[in-house]
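Taking it in order: structure first as structure tokens, then the write-up.
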Amino acid sequence: MSVAPWVVSTPQRIDTDVAFSPILDLARGVVAGYQTVASPVGARRSQDVVDDPCSIMTAALAAAATLPPDTFLTVPLGLGDGGPGDLDDPALMSVLTSRGDLSGVVLDLRAVPEDVGAAPTARLEGLREAGASVALGGEQAAQPTLRSVIRLRPSIVRLGRAWVEGIEHSAEKRDAIEVTGTMAAQLDAWLLAEGVSTAAELRTLSELGVPLAQGPLVGPARRVWQSAAPQAHRALPRDRAPAGDGVLRDLVRRAYTTDDVGSARSVLAETVGFEVVVAVDEHRRPHAVLIKDDHGRWQSSDVLAVHVDTPLGDAVARAMARPRSTRFGPLACTDSAGGFLGVLHLEDLMTHLAGRA
């Protein structure tokens, strides 16, 4: 059984007013991240402090600085709904922007109205530029609308308890999740199944290829960075993919980078010897790729980033789920902080995969 190497028998307690429930990577069998929840009333302080969005966000971001390697932390946030904890709140925005680098933080949008204005969307983009990712789902709804997913481009699409409950007995739910997973993969997003309560549910989700799961079976919310519960590990199929096969490290190719796509395109038009150039931000996180087409023109498109320890088969599966126009384009290989390491060419991945068959 693979468990995260940072887990110890007595986890260090985190001195905050919030708790964290583990999110399990079903392919690797390790904790991929944590979901922030308010601590139970009376656990430390009053109801007023526990329910205050700014206090929750401040405590969560402080804890995020101590996250174990290769994990993320989701924090609750509203987007233009005018309720508590919304991006329209200047005090909450001040808490988020004062953090600076938001790498490893996932903004968990629990309620997104259909008519989100330009101002909240622009604020969200500013936080994304600071390194934050976005998770999308409704507080009560089982799944966010397709329109919201396409418009907000989340890294995680959450499926509520309604999709998970009794999934082992429902062909309709299994079919729906497979279709949703294909759509999410094309947008370079991961599915997160919430409220997983039984071993049968977790095993079925794993067999369907759902990447992430959270719920009572995986582990309760606690003020420690904890591993997944033993019953969750026992529920996973025995023949699941190993925790990283190390192949991608051997297949990474060096590539030139740029921090200005427009300038790079004008310069590259007069050069030879380049096939791929990757656009990176100030933290060296890849966000676009420039590829020379058959006519010598440089075309820009979104880039699919994969962690260097991703199993080869998973990387190929994610690449093949992309739209046809970009399906065979290179992948950007990243380190634990999301920094660019090099590119992965599909022909290299497929050749290696065929050689292992």
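The values are calculated or read from the model by the stated rules, or taken from the named source; none is laboratory data. No experiment lies behind these values; they were computed from the predicted model shown. Counting neighbours? That spans all protein chains shown, and the Cβs are built from the backbone with ideal geometry, glycine included. Side chains are part of the model used for accessible areas, which takes the heavy atoms of the whole protein and leaves out ligands, DNA and RNA. Shrake-Rupley method; radii C 1.70, N 1.55, O 1.52, S 1.80 Å.
List of remarks:
- Of the residues Arg318, Arg99, ranked by 1.4 Å probe accessible area with the largest first, the sequence reads Arg99, Arg318.
- Projected label distance in nm at Met183 and Arg249, using a 7 Å step from Cα toward the beta-carbon: 3.8
- Restricting the calculation to Cα atoms, the range 298-357 yields a radius of gyration followed by a Dmax of 11.5, 36 Å.
- Net length gained if the chain between Asp281 and Ser98 were fully extended (0.36 nm per residue, minus Cα distance): 64.0 nm
- Counted over the range 247-357, the DSSP beta bridges are approximately 70% antiparallel.
- Pairwise label distance in nanometres, Glu172 with Ser197, each label 7 Å out on the Cα-Cβ vector: 2.0
- In nm, spacing of pseudo-spin labels at Ala122 and His295 (7 Å Cα→C-beta vector): 3.6
- Extension reserve of the Arg147-Ser263 stretch, reckoned as 0.36 nm per residue once the Cα distance is removed: 38.5 nm
- Average silhouette area of the range 175-214, convex hull of alpha-carbon atoms, in square nanometres: 2.6
- Net length gained if the chain between Arg327 and Glu165 were fully extended (0.36 nm per residue, minus Cα distance): 55.0 nm
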